[in-house]
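This report concerns only the one structure given below.
The values are calculated or read from the model by the stated rules, or taken from the named source; none is laboratory data. All figures in this text were calculated on a predicted structure; none of them were measured in a lab. Using ideal geometry, Cβ is built from the backbone for each residue, glycine included, and neighbour counts are taken over all protein chains shown.
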Amino acid sequence: MKTIAIISQKGGAGKTTISTHLAVAAELRGLHTALFDLDPQASASGWSDKRLAKTPVVVSTQAARLPILLKQAEQQEADLIIIDSAPNADSASLEAARSSDMILIPCRPAAFDLQAISTTLSLAALANKPAFVLLNAVPTQGRVGHEARQALISGGVSVAEPIIHHLVAFSHSVNDGRTAQEFDPKGKAAGEINALLEWLVNMLEIKIRKRANTQTRKRTMEG
């Protein structure tokens with residue numbers, strides 16, 4: 001089982017959008033996936049409440065419960081856990097970081113957003129876990145994304161290979177509890193999320209295994 005913590009000090013970086021889209025992409029890929037919602041706003045949980053599909057499992061919880069939930073998930077042969085953290089770098093985010101195998105830091109390619117990642121990178125260093133900045137909501141036109149990537153790499157920051165662009169499908173699809181890949185499976189947004197998932201699968205050496213009973217997993221983890 002692998003765990004990815006999605007952490008950003010900056011509000012509006014797109015943590016929940018990335019979390020929910022990755023979780024759905026992983027389930028569609030055949031991975032047993034659960035999303036642990038640590039954000040007090042419970043946006044991921046609200047999204048899950050709107051869904052017709054029973055997967056991925058979304059559990060609204062607190063950082064103190066992460067160890068027991070992760071243990072339960074492993075006992076149920078989960079393949080991937082995604083932690084959607086609160087938009088700050090507090091003790092809860094540190095616990096999420098320490099519980100993870102990798103930290104993803106969504107960041108828009110704007111000056112204030114790029115400056116804000118230093119706190120999250122420090123938190124990742126404190127947790128002693130590998131962290132990658134994920135450039136998100138990048139304009140589809142121009143070289144802003146390329147320039148932001150080069151600036152981060154020049155500063156010694158690890159950057160995820162895939163880039164997520166600012167596409168309407170990401171926001172439109174979540175209104176009824178779906179994701180871009182469910183709304184438009186052949187669209188650009190779906191392709192970008194799938195590329196991100198494949199990058200993560202390769203980086204973390206995640207193995208695809210046969211599905212377990214989803215309802216059983218959900219009942220156990222929420223209980």
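Put simply, of 138, 174 the only residue that is crowded, with 20+ Cβ neighbours inside 10 Å and either among the hydroxyl-bearing types (Ser, Thr, Tyr) or more than 18 Å from residue 107 (Cα to Cα) (or both) is 174.
Based on what the data block shows, is residue 58 under 30 Å from residue 28 (Cα atoms), modelled with pLDDT of 95 or more and touching a His at 6+ places or on another chain (Cβ under 7 Å)?
No: the conditions fail for residue 58.
Strands (runs of 3 or more DSSP E) fully within the stretch 17-120 that include at least 1 residues being touching a residue at least 24 places away in the same chain (Cβ under 8 Å) and acidic (Asp, Glu): 33-37, 80-84.
Does residue 111 count as over 14 Å from the mean Cα position of the chain (by Cα) and farther than 21 Å from residue 182 by Cα? It is true that residue 111 is over 14 Å from the mean Cα position of the chain (by Cα) and farther than 21 Å from residue 182 by Cα.
Restricted to the stretch 1-45, and to residues there that are within 13 Å of the chain's Cα centre (by Cα) and of a type in the set (Lys, Arg), the residue that is surrounded by the fewest Cβ atoms within 10 Å (Cβ to Cβ) is 2. Residues in the stretch 109-146 that are at pLDDT 95 or above, out of contact with any His (no Cβ under 7 Å at 6 or more places or on another chain) and under 22 Å from residue 167 (Cβ atoms): 132, 133, 134, 135, 136.
Give the residue that is nearest to residue 140 (Cα to Cα), with candidates limited to residues of the stretch 153-168 that are hydrophobic (A, V, I, L, M, F, W, C) and surrounded by fewer than 16 Cβ atoms within 10 Å (Cβ to Cβ). The extreme case among them is 168. Between 110, 97, 78, 42, the distinction of being on the phi > 0 side of the Ramachandran plot and not acidic (Asp, Glu) belongs to 42 only. When the stretch 191-223 is limited to residues that are modelled with pLDDT under 95, in a helix (DSSP H, G or I) and β-branched (Val, Ile, Thr), the one that is surrounded by the fewest Cβ atoms within 10 Å (Cβ to Cβ) turns out to be 216.
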